[in-house]
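Before any comments, here is the structure.
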Amino acid sequence: MDIINPANEKLIQSLPADTPSQVAAKIERLKKGQPDWAHRSLEERIAIIIQFGTLVKQEIETLALVLTSETGKPLEQARNEIRGAHNRIEHIQANAATWLARERVVTAGAVREEIVHEPLGVIANISAWNFPYNVGYNVFLYALLAGNAVAYKPSEYASLTGLKFRDLLIKAGVPANVFDCFIGGAAVGEMLLDADLDGYFFTGSYQTGKYIAQKVAAKMVPVQLELGGKDPLYIMDDVKDIRQAAINAAEGAFYNNGQSCCAVERIYVHENVYDAFVKAFVAEVQGYAMGDPLAEGTFIGPVTRKEQMEVLRDQVKDALEKGAVLHTGGRQRKTEGYFWEPTVLTQVSHQMKVMREESFGPIIGIQSVRNDEEAVALMKDTSYGLTAAVFSDSESRAVQVLEQLPTGTAYWNCCDRVSPNLPWTGRKNSGLGVTLSYLGIRAFTQPKAYHLKG
Ligand code: NAD
């Protein structure tokens with residue numbers, strides 16, 4: 001498997017993909033290792049995860065370079081991701097003992113009633129490349145914590161980072177037969193789907209997620225899907241600082257090159273502030289430094305996957321043919337690497353792909369709306385339901401809009417944000433199940449109900 005640097009299209013390294021017999025042997029080892037791991041005390045597992053966090057912090061510069069080289073994420077954003085993901089470990093440290101503790105529900109009377117949160121067993125974590133620390137930690141750290149063994153399949157676009165996770169987890173004290181890394185693309189993912197595992201935790205596209213859910217349905221094990229989005233942001237006409245709103249909205253749309261599941265993917269602006277917003281937004285985007293992701297100060301690097309360039313090209317072409325106006329960008333930079341110029345389109349409509357299909361790149365459509373009702377109707381007009389944001393000076397007016405939207409997350413005056421304290425969950429085609437928060441810890445457990453008499 002060739003690992004290509006998206007900034008210069010050069011080969012970084014070739015890795016051998018796992019063969020079916022290697023996959024089977026690794027799974028066998030995990031099955032043997034899991035019961036002992038589950039019998040260790042929770043304190044011991046927490047201490048090992050904390051130690052993993054310490055090792056990651058110590059190696060942050062090397063790890064950030066690896067991440068930047070294989071995904072093209074600008075170096076400072078790679079460091080930010082690694083630093084930011086650490087909040088999951090702090091969350092575990094502060095809460096795991098409470099949320100995994102035996103619950104004594106009925107303590108008096110003839111029969112005591114208690115709930116024990118047992119691990120699932122060996123789970124598959126099939127993951128994405130765009131935020132491998134964030135989305136990886138959401139699953140494999142919490143799964144390990146709860147006493148599971150983990151078959152981790154990093155995306156083929158973040159395999160070197162995946163191998164680093166394994167090295168550091170083992171160095172921190174996770175037994176080699178409790179966490180393993182499965183190297184390869186869809187074919188290796190398929191091998192995990194065919195295996196007899198106790199849960200499937202997937203982060204990636206709707207298409208793959210739907211396929212996985214259907215394929216493993218008959219196993220009757222938990223399946224969680226963290227999928228894509230077409231997340232809307234609405235700028236109300238009571239926003240006083242339009243320039244700041246434009247800066248924040250642009251960052252939500254273009255951070256990590258727009259390759260975030262909860263990136264702002266479409267913007268609606270009240271007609272009273274539309275012209276001012278578009279002017280400030282375009283000025284902000286035109287100020288972004290695009291170039292070598294290793295150079296300090298670069299905000300827009302290459303897109304990670306070559307194939308995405310075609311998606312972006314097609315969305316721009318489709319929008320322009322249907323009457324959109326291009327303010328900036330709209331094309332691939334004519335150099336080596338997969339550089340797509342940050343693109344702003346206005347006069348867009350829901351007849352255009354750019355307002356309906358996940359772009360997953362540095363491109364945004366901005367549409368004018370007459371009132372909150374029209375904004376709600378447009379925000380709801382999607383098959384996805386991950387997040388939605390409203391910028392307004394009035395919390396109550398914003399919440400009135402947000403509560404009408406079928407999304408797992410609602411933002412007022414912020415966007416493109418994930419907190420370990422809150423459930424991360426998508427509705428409709430954005431997913432199934434929950435990670436993070438106490439609900440996310442419990443996702444890696446199965447309850448056993450004890451009726452204790454005598
Ligand atoms: P993808 O669906 O192409 O791949 C995801 C993973 O699935 C990879 O590891 C891939 O090798 C594996 N895979 C592909 N085909 C498979 C098959 N047939 N069987 C088993 N495994 C298979 O997605 P991607 O390009 O890696 O990630 C981008 C998508 O992920 C976007 O849609 C994004 O919105 C979404 N995403 C969602 C979240 C979230 O939390 N909701 C977070 C990050 C990314």
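The values are calculated or read from the model by the stated rules, or taken from the named source; none is laboratory data. Being a predicted model, the structure only gives us computed values, none of them experimental. Cβ sites come from the backbone with ideal geometry, for glycine too, and all protein chains shown count toward neighbours. Calculation scope for accessible area: heavy atoms of the full protein, side chains included, ligands and nucleic acids excluded. Shrake-Rupley method; radii C 1.70, N 1.55, O 1.52, S 1.80 Å.
Answer with yes or no whether Ala263 is in contact with a helix residue (DSSP H, G or I) (Cβ under 7 Å, 6 or more places away or on another chain), in contact (Cβ under 8 Å) with a residue 60 or more places away in the chain and more than 14 Å from the ligand (Cβ to nearest atom).
On the way: in contact with a helix residue (DSSP H, G or I) (Cβ under 7 Å, 6 or more places away or on another chain): yes; in contact (Cβ under 8 Å) with a residue 60 or more places away in the chain: yes; more than 14 Å from the ligand (Cβ to nearest atom): no.
Answer is no for this residue.
Does Ala213 satisfy the criteria of being open to solvent by less than 20 Å² (accessible area, probe 1.4 Å) and of a type outside the set (D, E, K, R)?
Working: open to solvent by less than 20 Å² (accessible area, probe 1.4 Å): no; of a type outside the set (D, E, K, R): yes.
No: the conditions fail for Ala213.
Can you name the residue in segment 196-210 that is under 27 Å from Val354 (Cα atoms) and touching a helix residue (DSSP H, G or I) at 6+ places or on another chain (Cβ under 9 Å) and is also surrounded by the fewest Cβ atoms within 10 Å (Cβ to Cβ) among such residues?
Thr208
I'm told Ile170 meets every condition in (1) near the ligand (Cβ under 9 Å from one of its atoms); (2) surrounded by fewer than 23 Cβ atoms within 10 Å (Cβ to Cβ) except one. Can you identify the failing condition by its number?
(1)
Regarding Val418, is this residue under 25 Å from Tyr133 (Cβ atoms), in contact with a Phe, Trp or Tyr (Cβ under 7 Å, 6 or more places away or on another chain) and aliphatic (A, V, I, L, M)? Quick ask: steps written out before the conclusion?
Numbers: under 25 Å from Tyr133 (Cβ atoms): yes; in contact with a Phe, Trp or Tyr (Cβ under 7 Å, 6 or more places away or on another chain): yes; aliphatic (A, V, I, L, M): yes.
Yes: the conditions hold for Val418.
Quick test for you: out of Gln446, Gln347, Gln332, pick the one residue that is outside the structural domain of Gly147 (by TED's automatic domain parsing), over 29 Å from Lys306 (Cβ atoms) and modelled with pLDDT of 95 or more.
Values: Gln446 fails: outside the structural domain of Gly147 (by TED's automatic domain parsing); Gln332 fails: over 29 Å from Lys306 (Cβ atoms).
Sole residue among the options that is outside the structural domain of Gly147 (by TED's automatic domain parsing), over 29 Å from Lys306 (Cβ atoms) and modelled with pLDDT of 95 or more: Gln347.
Enumerate the pairs (first residue in segment 338-364 and more than 18 Å from Ala250 (Cα to Cα); second residue anywhere and open to solvent by 10 Å² or more (accessible area, probe 1.4 Å) and part of a helix (DSSP H, G or I)) with beta-carbon separation below 6 Å, excluding pairs fewer than 6 apart on the same chain, so at least 6 apart or on different chains.
Met352/Asp318; Lys353/Asp318
Out of the residues in segment 283-308 meeting the condition of being among the aliphatic types (A, V, I, L, M) and crowded, with 19+ Cβ neighbours inside 10 Å, tell me which one is farthest from Phe339 (Cα to Cα).
Keep residues of segment 283-308 that are among the aliphatic types (A, V, I, L, M), which gives 283, 285, 289-290, 294-295, 300, 303.
Then keep just the ones that are crowded, with 19+ Cβ neighbours inside 10 Å; that gives 285, 290, 300, 303.
Numbers: Val285: 15, Met290: 8, Ile300: 8, Val303: 6 Å.
Selected residue: Val285.
Quick one: which residue in Tyr137, Tyr142, Tyr157 is of a type outside the set (A, V, I, L, M, F, W, C), within 16 Å of the ligand (Cβ to nearest atom), farther than 19 Å from His86 by Cα and in contact with a helix residue (DSSP H, G or I) (Cβ under 8 Å, 6 or more places away or on another chain)?
Working: Tyr137 fails: farther than 19 Å from His86 by Cα; Tyr142 fails: farther than 19 Å from His86 by Cα.
Going through Tyr137, Tyr142, Tyr157 in turn, just one is of a type outside the set (A, V, I, L, M, F, W, C), within 16 Å of the ligand (Cβ to nearest atom), farther than 19 Å from His86 by Cα and in contact with a helix residue (DSSP H, G or I) (Cβ under 8 Å, 6 or more places away or on another chain): Tyr157.
Checking Leu193 against (1) in contact with a Lys or Arg (Cβ under 6 Å, 6 or more places away or on another chain); (2) more than 7 Å from the ligand (Cβ to nearest atom); (3) part of a helix (DSSP H, G or I): exactly one of these is not met. Which one?
Of (1) in contact with a Lys or Arg (Cβ under 6 Å, 6 or more places away or on another chain); (2) more than 7 Å from the ligand (Cβ to nearest atom); (3) part of a helix (DSSP H, G or I), only one is false for Leu193: (2).
Scan segment 201-216 for residues that are more than 9 Å from the ligand (Cβ to nearest atom) and touching a strand residue (DSSP E or B) at 6+ places or on another chain (Cβ under 9 Å) and jot them down.
Start the filter on segment 201-216 by keeping residues that are more than 9 Å from the ligand (Cβ to nearest atom), which leaves 201, 210, 213-214, 216.
Listed by number, the residues that qualify are Phe201, Lys210, Ala213, Val216.
Kindly establish whether Thr435 is assigned by TED's automatic domain parsing to the domain that holds Ile123, buried (at least 21 other Cβ atoms within 10 Å of the Cβ) and of a type in the set (S, T, N, Q). Break it down stepwise before answering.
Values: assigned by TED's automatic domain parsing to the domain that holds Ile123: yes; buried (at least 21 other Cβ atoms within 10 Å of the Cβ): yes; of a type in the set (S, T, N, Q): yes.
Answer is yes for this residue.
For segment 246-259, indicate whether the set of residues that are within 14 Å of the ligand (Cβ to nearest atom), under 22 Å from Gly431 (Cβ atoms), among the aromatic types (Phe, Trp, Tyr) and open to solvent by 10 Å² or more (accessible area, probe 1.4 Å) is non-empty.
Within segment 246-259, one or more residues are within 14 Å of the ligand (Cβ to nearest atom), under 22 Å from Gly431 (Cβ atoms), among the aromatic types (Phe, Trp, Tyr) and open to solvent by 10 Å² or more (accessible area, probe 1.4 Å).
Does Gly33 satisfy the condition of being in contact with a His (Cβ under 7 Å, 6 or more places away or on another chain) and closer than 20 Å to Val174 by Cβ?
Working: in contact with a His (Cβ under 7 Å, 6 or more places away or on another chain): no; closer than 20 Å to Val174 by Cβ: yes.
In short, no.
When only residues in segment 1-19 that are among the hydrophobic types (A, V, I, L, M, F, W, C) and under 25 Å from the mean Cα position of the chain (by Cα) count, which is nearest to Asp292 (Cα to Cα)? Write out each step before concluding.
As a first pass, look at segment 1-19 and keep what is among the hydrophobic types (A, V, I, L, M, F, W, C): 1, 3-4, 7, 11-12, 15, 17.
With under 25 Å from the mean Cα position of the chain (by Cα) added as a condition, the list becomes 1, 3-4, 7, 12, 15, 17.
On the way: Met1: 24, Ile3: 18, Ile4: 15, Ala7: 7, Ile12: 16, Leu15: 25, Ala17: 29 Å.
The selected residue is Ala7.
Only residues in segment 175-195 that are open to solvent by less than 30 Å² (accessible area, probe 1.4 Å) count as the first member; pair them with residues that are part of a loop (DSSP other than H, G, I, E, B) and of a type in the set (Phe, Trp, Tyr), Cβ under 7 angstrom, at least 6 apart or cross-chain, and list the lot.
Correct list of pairs: Val188/Phe182; Leu192/Phe182.
Could you tell me which residue of segment 354-407 is nearest to the ligand (Cβ to nearest atom), considering only residues that are under 21 Å from Lys279 (Cβ atoms) and of a type outside the set (A, V, I, L, M, F, W, C)?
Among those residues, the one meeting the criterion is Pro362.
Just name the residue that is most open to solvent (accessible area, probe 1.4 Å) out of those in segment 44-98 that are farther than 30 Å from Lys10 by Cβ and acidic (Asp, Glu). If you could, list the steps in order and put the result at the bottom.
Taking segment 44-98 as the starting set, the residues that turn out to be farther than 30 Å from Lys10 by Cβ are 44-54, 86-98.
Now restrict to residues that are acidic (Asp, Glu): 44, 90.
On the way: Glu44: 79, Glu90: 100 Å².
The residue in question is Glu90.
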